[in-house]
Every structure is written in C-alpha cells, then in structure tokens.
Amino acid sequence: MITPLSNRWFAPKAIQIWTRLHAFERMLVSEDALASMSRLSLTKTATHPFLLALLLACSHTSLDAMSMLPLPTLGHSTTAAAPLSPPASGMADRVVVKKGERRLYLMQGDRPIRSYPIALGFKPTGHKRQRGDGRTPEGRYQLDWKNPQSSFHKSLHVSYPNQRDRMRAAFRGVAAGGMIMIHGQPNRRRPPDPIEGDWTQGCIAVSNEAIDDIWRLTASGTPIEILP
C-alpha cells in the first residue's frame, strides 16, 4: 500500500516523468535499461511506485521513435558476425535500401554503381517489431551469408535481429523474428517475372537478374542500411 509519505515522494517524481515523456520518446532507450526492465517482475515493480511509473512511460514510448535512423552500429546478429571482406575492384562496399523509393542501391563510397527495383514485406511501413508482422526491418545490418540452395533464385541473409532489436522485442514480450533475406523470385514461378506489389514476409525481393548482380558484387560482411 502506498503511504502518505510515499505519495509525497512519488508525486513530484511522477510529474517529472510525465512532463518529460515527449522528450523521452525522441530518445532511444539504452540497451542496458531495456535489459534491466525486461528482467523486472510485476510483483517487484508494483512495490516500487517510481519504477512502476517509469515502466508505464516506457510502455507508451513510440517504437517508431525508438527506431529513428541513423542507428548506432551495434555489430550483433543472431549468428556470429561475418568477417568484413575488403571489396574487390568493381564490387560494392555497402548496400543502401530506400523503402519509400522501393529501390536497392549498390554503393562504392558515395556513388551508386547499380540500382534495382524491390518489393518489400506485405506491411511495408515502419521498422519490423516482431515475427510475422510483415514488415521489412529498418537500420544498419550486414549481409552475413549467402544461400545458393534457396527456395528463391539465390538469397543473401540480412543480420536482423541485432541486439537492439532483440531487446526491443523482449521488452514487448514478443519474438523478434528473423531470416530476413534479399532474394530473387520463387523457384517454382514460371516464367520468373517479378511478382508485382509488396508480397514477402519481410524480405527484400528483386528480379532474378538483379539477385545475380547483387550476389556477384557483394562479399560476406558487406554493410547494408535499410532506410524508411
């Protein structure tokens, strides 16, 4: 039970939290804070009014605000980070995806050397929040391995989820999902013309000709930045 003394202590703290909530929503919650909060039980939280108010504030934090770009480079993935191979002459040193434009760019420095139209997840707006939500992630990742025996015409794995993604999902009590790929068209599709619209489960789909180019012009560990 909250005593009068705790009420006098709690009221100014609660006011400070809620009056600063708008500014707080524009910040990324630190990974240590998210990890600590995800370990708190409801029983322990309920006995501490300040922590309860803080968690309530966090629970209303906009995930879109938490997903603002550019994100800090964390270098974590669900698998071991792929070693960054120096790009050979003519190869891309990074990949940029602009979801709003539905374009993928292979870059050398600040210069695009190739550009391809893309299809996204069936619910393309916003950063991926959880498994099955149909969103394509936004942020900085790596192309950490290639699959020549994919059910699509070749595929390259994007290292989602990173540590930040996993902590966000854990804080919300959901699975982050995974197996986000850049891939070609389904192998069973005849003729293999690109499917129109946004149709994937969150992957980035391109034509078979495009995936052949991307496969040839990227090395394991190539950074990829996926923008809104």
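The values are calculated or read from the model by the stated rules, or taken from the named source; none is laboratory data. Because the structure is predicted, anything quoted here is derived from the model rather than measured. Reconstructed Cβ throughout: ideal geometry from the backbone, glycine too, with neighbour counts over all protein chains shown.
Points worth noting:
- Hits in the range 127-166 (condition: surrounded by fewer than 21 Cβ atoms within 10 Å (Cβ to Cβ) and among the hydroxyl-bearing types (Ser, Thr, Tyr)): SER150, SER151
- Test: residue in the range 149-158 that is charged (D, E, K, R), part of a loop (DSSP other than H, G, I, E, B) and within 18 Å of ASP198 (Cα to Cα): no
- Counting the residues of the range 190-227 that are under 21 Å from GLN108 (Cα atoms) and either at pLDDT 95 or above or part of a helix (DSSP H, G or I) (or both) gives 20.
- Residue ID - surrounded by the fewest Cβ atoms within 10 Å (Cβ to Cβ), chosen from residues in the range 177-204 that are farther than 19 Å from PRO228 by Cβ and small (Gly, Ala, Ser): GLY178
- The one condition in (1) in contact with a Pro (Cβ under 6 Å, 6 or more places away or on another chain); (2) closer than 21 Å to LYS98 by Cα that PRO194 fails to fulfil: (1)
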